[in-house]
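Structure record follows, encoded as structure tokens.
The values are calculated or read from the model by the stated rules, or taken from the named source; none is laboratory data. Quick caveat: nothing in here was measured; it's all calculated off a predicted structure. All Cβ positions, even for glycine, are placed from backbone atoms using ideal geometry, and neighbour counts span all protein chains on display. Keep in mind that these areas ignore ligands, DNA and RNA; they rest on the heavy atoms of the full protein, side chains included. Shrake-Rupley method; radii C 1.70, N 1.55, O 1.52, S 1.80 Å.
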Amino acid sequence: MTDVPSFDLTAEPWIPVLDLDGRERVLTPLDVVQQADRLATIGGELPTTGYALTRLLLAVLHRAVQGPRDGEHWRHLWEEPRLPVGAVAEYLQHWRDRWDLLHPLTPFLQTAELRTADGKHSGLSKLIADVPNGAPLFTTRAGRSLARMGHAEAARWLVHAQAWDISGIKTGVLDDDRTKKGKLYPLGVSWLGRTGGVLVEGRTLRDTLLLNLLPYRDEELPLGWGRPDGDLPTWERAPLRPGVEPDVFGQPRTRPAGPADLYTWSARRIRLVADEDGVIGVVLTYGDPLAQQNAHTFEPMTAWRRSPTQEKALKQPLVYMPRRHSVERVFWRGLAALLPVAASTWTGREAADFLPPTSLNWLYVAQNQDWLDPALPVRVRIVGVEYGAQDSSVEEIVADQMSSRVAVLRADEGTLGEQAVVAVRRCEEAVKALKNLAGNLVRAAGGDGDGPRARAEEIAFAALDAPFRRWVSGLEPGSDLGEVQRAWQVDIARIVRQLAEELVEQSGPAAWRGRVVLGRHVDAGLADAWFRAALRTALPLAHPDEPSAHPKEAS
């Protein structure tokens with residue numbers, strides 16, 4: 001009798017990490033928790049992998065500590081020098097069978113009974129996000145690396161698919177009443193693909209996990225989580241079957257009970273085809289849908305925008321949708337929508353147009369309670385995916401980060417965060433002045449200004465990116481608010497003026513002669529004068545002795 005293959009994910013090393021010395025390692029989940037105070041971050045094949053694995057470990061921590069129940073429970077965990085290793089070890093040991101990647105009845109995050117009508121399975125390209133479907137030449141993977149992969153890597157891609165899988169037509173499976181003629185028609189990308197992921201990172205992985213381990217109950221947070229004892233991850237519930245998972249009343253589940261449920265949400269039904277040497281194929285189709293509308297009541301790690309279109313369509317007075325990230329726009333330009341303010345409202349006619357991630361709101365609350373040092377250094381990391389046509393392919397991975405002190409991550413009047421928001425606005429206004437200069441120079445020479453305006457904006461924000469990040473990282477409690485703002489405006493003026501001088505020098509004789517635009521003569525000299533006047537208005541602290549008013553310019 002042959003032994004049944006097994007790959008125990010509680011005991012095998014499969015989670016990539018980066019330690020504080022910059023070395024890459026692969027550890028077991030318990031090793032990660034034990035060594036978290038000596039580790040920097042969780043990694044993976046893609047930035048999206050590390051983010052999904054971090055959320056998986058947060059689910060484990062929530063269950064192991066049965067909380068945090070409230071703010072006081074969180075404070076107690078934060079004040080301990082290490083994570084609760086004993087509780088995590090006991091928890092993982094108890095659920096060890098459900099963490100077996102190859103278990104014949106309850107494989108980890110999979111559906112053992114998943115079968116197609118013809119009994120066939122797909123290749124590994126269906127599981128791997130960096131293999132463009134139908135375009136394998138545009139990837140580092142080919143040949144044997146797509147024919148088989150090790151169990152540890154397969155486990156990571158399994159977690160990744162549950163979080164980020166593309167939409168499109170999927171293979172239909174037996175016993176799923178959504179299957180039509182052997183196909184399951186598009187139901188959207190996996191949950192994280194619908195959001196703009198925001199992760200607060202501390203000095204160590206221990207800090208990162210605790211800063212994102214939000215309490216179940218706090219009157220200052222908009223979360224509608226249930227009790228900790230009712231928040232069950234997928235491995236604590238009945239084994240997954242094809243189709244939609246029912247609730248206790250036999251109806252499809254429509255929202256998670258809490259973070260452990262959410263962070264392990266089974267957006268896909270998956271079965272790995274494997275043996276004792278590795279994984280050779282996969283059956284992958286749709287699982288449990290999850291609506292985006294007003295998901296701020298249970299998803300703490302994304303920002304939100306109010307949607308009048310959804311409010312009209314659903315006939316509801318207030319609907320918030322996730323703010324997804326764009327690869328074309330550095331995320332600090334949207335800083336105002338990320339930072340909590342005391343006056344933010346969650347309901348009613350005066351509800352805010354944007355809501356910050358609840359994880360950042362928690363930092364605000366913890367500061368007010370004196371549980372967090374305002375000088376604590378943190379990074380705000382964003383992660384997301386831009387999908388292709390009909391969300392059926394991965395176009396770009398969005399990943400960015402910004403370092404600051406905790407004190408910066410609040411935008412009340414008179415705070416460092418308010419100064420950061422003002423600084424972004426000053427950047428936008430200064431770049432607008434440069435865009436208008438570029439457009440006017442081209443129009444003066446007889447051309448179309450739209451293309452040059454867009455290029456000028458791209459070049460300007462690229463030039464301002466690193467200086468802004470350095471400026472934000474240097475903001476500290478006790479900083480002179482007026483002086484930090486003045487210093488930043490002086491920097492913006494210097495950078496943008498230099499770019500403007502290059503544009504004027506390159507404009508050519510035709511632009512200096514000029515022509516009539518919209519009934520008014522425009523030439524390079526006038527365009528430059530308009531730019532300088534606009535820059536004085538945009539950056540008054542960089543021009544304290546100069547008037548800010550300027551004549552109306554062509555636009």
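Structure notes:
- Taking every protein chain into account, the 1.4 Å probe leaves residue 128 with about 0 Å² of accessible area, to the nearest ten.
- Within the full protein context, the accessible area of residue 480 is estimated at about 100 Å² for a probe radius of 1.4 Å.
- Placing unit charges on the Cβ atoms of the charged side chains and taking the dipole of the stretch 14-77 about its Cα centre, the candidate lying farthest along the positive direction among 73, 42, 28 is 73.
- Note on residue 170: aspartates and glutamates with a C-alpha under 15 Å away, same-chain residues under 8 apart excluded, are 118, 288, 391.
- P(r), alpha carbons of the stretch 332-469 - 10 Å bins starting at zero, rounded %: 10, 29, 29, 22, 8, 1, 0
- Global dimensions of the stretch 1-45 from alpha-carbon coordinates: Rg and Dmax equal 13.2, 47 Å.
- Protein accessible area in the chain, 1.4 Å probe - carbon and sulfur %: 50 percent
- Protection proxy ranking of 496-509, 524-537 - average other beta-carbon atoms within 10 Å, highest first: 524-537, 496-509
- Whole-angstrom gap from the stretch 98-125 to the stretch 271-305, using each part's C-alpha centre: 15 Å
- Rounded tilt (10° steps) of 151-164 against the dominant C-alpha axis of the chain: 60 degrees
- Ellipsoid semi-axes in whole angstrom, largest first, where each is sqrt(5λ) of the Cα gyration tensor of the stretch 254-308: 32, 12, 10
- Cross-link pairs exceeding 24 Å in C-alpha to C-alpha distance, out of 120/180; 126/183; 180/315, comprise 180/315.
- C-alpha center-to-center spacing [the stretch 522-538, the stretch 384-398] in angstrom: 40 Å
- Over the stretch 55-119, the Kirkwood radius and the radius of gyration, each from Cα atoms, give a ratio Rg/Rh of 1.18.
- Where the stretch 385-523 is the region considered: accessible area per residue in Å², 1.4 Å probe: 47 Å²
- For the stretch 1-114, the convex hull drawn through the C-alpha positions has a volume of 138 cubic angstrom per residue.
- Principal-axis tilt of helix 85-94 within the chain, Cα atoms, nearest 10 degrees: 50 degrees
- Across the protein chains, with a 1.4 Å probe defining accessible surface, the residues 315, 126, 170 rank 315, 126, 170 from largest area downward.
- Take every pair of alpha-carbon atoms less than 8 Å apart whose residues are at least six positions apart; their mean separation over the length of the chain yields a relative contact order of 12 percent.
- Charged neighbours of residue 354, selected by a Cβ distance under 9 Å, balance to +2 (K, R count +1; D, E count -1).
- Quotient of Cα Rg and 2.2 N^0.38 Å for the stretch 402-454, N being how many residues it contains: 1.71
- Ordering 91, 320 by accessible surface, largest first, gives 91, 320; the 1.4 Å probe counts only protein heavy atoms, with every chain in place.
- Cross-link reach list, lysines versus residue 312, counting only Cα pairs under 19 Å and skipping chain neighbours closer than eight places: none
- Helix-only mean residue ellipticity at 222 nm for the chain, each DSSP H run of n ≥ 4 adding -39500 (n - 2.57), per residue, nearest 500: -11000 deg cm²/dmol
- Highest mean packing comes first when the peptides 276-285, 367-376 are listed by Cβ atoms within 10 Å, giving 276-285, 367-376.
- Over all Cα atoms in the stretch 197-295, the spread is summed up by Rg and Dmax: 16.6, 51 Å.
- Net charge of neighbours whose Cβ lies under 11 Å from the Cβ of residue 34, counting Lys and Arg as +1 and Asp and Glu as -1: +1
- Net +/- balance of residues flanking residue 327 in space, Cβ distance below 10 Å, scoring K and R +1, D and E -1: -4
- Convex hull volume per residue, computed on the Cα atoms of the chain, equals 191 Å³.
- Within the stretch 396-481, the GluC sites (Glu not before Pro) that combine a DSSP coil assignment with at most 13 other C-beta atoms in a 10 angstrom radius are 413.
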